[in-house]
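Engineer: Can you keep this structure in mind? I'll have questions shortly.
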Amino acid sequence: MCKLSVIIPVYNTCVALPRCIESVLGQDFSDFELLLIDDGSTDDSGEMCDAYADKDSRVRVFHKIRGGPSSARNIGLDNATGVWVTFIDSDDYVDAGYLSLPYSDDVDLYVRNWNFAKSNALEHFDSTFVDNEHYWGFLQERMYGFAFRTACCSFFKRTLIEQGRIRFDERFHLGEDTLFVLDYYPFGSTLQIVDGASYRYDRSQRWEDKHRLSWDEAESYLSVFMDKYGKLPIEVPTLNAQMLGLFRAQIDKREGNVYCKWLCSEPVHRMIRSQTVHKKPLEVAKCWIKAMLPIRIWKTLRWVLSSH
């Protein structure tokens, strides 16, 4: 058994893949296994994975039929042997020293800071230990941030993953990370933010080109999200607003009656109501108007209101 399992789903990223893998293999910390899950790549990515496995005994490669990043990560979890588990996307990479952590039994979750690969971070957290007493209060203030709603940047205890039978939902290829951490948080009670080395997120491919959703996919996800969110002992309205806006923007507008479906969607209404808890009537009305109006109309209305 090793200390850490690093899981990387791989699909047609042969250009960026060497940078990603070498950023892991070049770490000072060495007590890890690297699980490369080739998710049915049609370029040279699968062969690249095999070549790295031939050169380094810490690398294990799994080839599978194309099923998406969730299914690839689940293969990794099913085969991981590490005490801890972390995830890296194959078009991203990590700084030197990223894997060097205390790996204390008293910590249930480690979180690293992140940066865009070609610019500065949008958010940054100093090294902080959060104990059991402050665990949920801290998450209530931070969960809307990228580092706390993604599986990347974080190091999870594998015993807690198995205890909760936590896996990625293979129906979804957008927001699946958030569903995973929503399942994991209730099984933890302490977390440690470790400043220094960062996760490097590459946004060279436009988000809207990478993720385009049908209406059924979006509505199904929002329903599952709200079910999991509703089981948490905290309220994070900002997180709901972010997820609602993200999925609204990614729905394929070529589908017919998308706006009408959005207006009538039960999970959409649930998410808006969850954002307006304890708010004043004017703020409640603003949330509903912002969420229900077409995006262009809302932006125009906001501009008109702000100019008067």
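Here, each number is a calculation from the coordinates, and none is a lab measurement. For clarity, every value in this text was computed on a predicted model and none was experimentally measured.
Engineer: Quick one: plug the Kirkwood hydrodynamic radius of the stretch 18-74 (C-alpha pairs) into Stokes-Einstein at 10 °C, 1.306 mPa s, and report D in µm²/s.
Structural biologist: Approximately 133 µm²/s, per Stokes-Einstein.
Engineer: In percent, what relative contact order does the stretch 4-205 have, based on Cα pairs under 8 Å that are 6 or more apart in sequence?
Structural biologist: After rounding, I find 27 percent.
Engineer: For the stretch 211-306, what Kirkwood radius comes out of the mean inverse Cα-Cα distance, in Å?
Structural biologist: This gives a value of 14.0 Å.
Engineer: Also, quick follow-up: Note the per residue figure in Å³ for the convex hull of the C-alpha positions in the stretch 1-127.
Structural biologist: Looking at the stretch 1-127, the number lands at 115 Å³ per residue.
Engineer: Pairs of alpha-carbon atoms within less than 8 angstrom and 6+ residues apart define the contacts here; what relative contact order does the stretch 52-156 have, in percent?
Structural biologist: Relative CO of the stretch 52-156 lands at 35 percent.
Engineer: Another question, if that's okay. Per residue and in Å³, how big is the convex hull formed by the alpha-carbon atoms of the stretch 55-151?
Structural biologist: Spelled out: Cα convex hull of the stretch 55-151, divided by residues, is 161 Å³.
Engineer: Taking only the Cα atoms of the chain, how large is their convex hull per residue, in Å³?
Structural biologist: 147
Engineer: Among TYR199, TYR135, TYR221, which one moves the most in a GNM of the chain with springs linking Cα atoms closer than 10 Å?
Structural biologist: It is TYR135.
Engineer: Taking the alpha-carbon centroid of each part, what is the distance from the stretch 166-205 to the stretch 2-56 in angstrom?
Structural biologist: When both Cα centres are located, 19 Å separates them.
Engineer: Rounded to the nearest 500, what is the chain's calculated 222 nm mean residue ellipticity when only DSSP H runs of at least 4 contribute -39500 (n - 2.57) each, over all residues?
Structural biologist: Rounded to the nearest 500, it is -12000 deg cm²/dmol.
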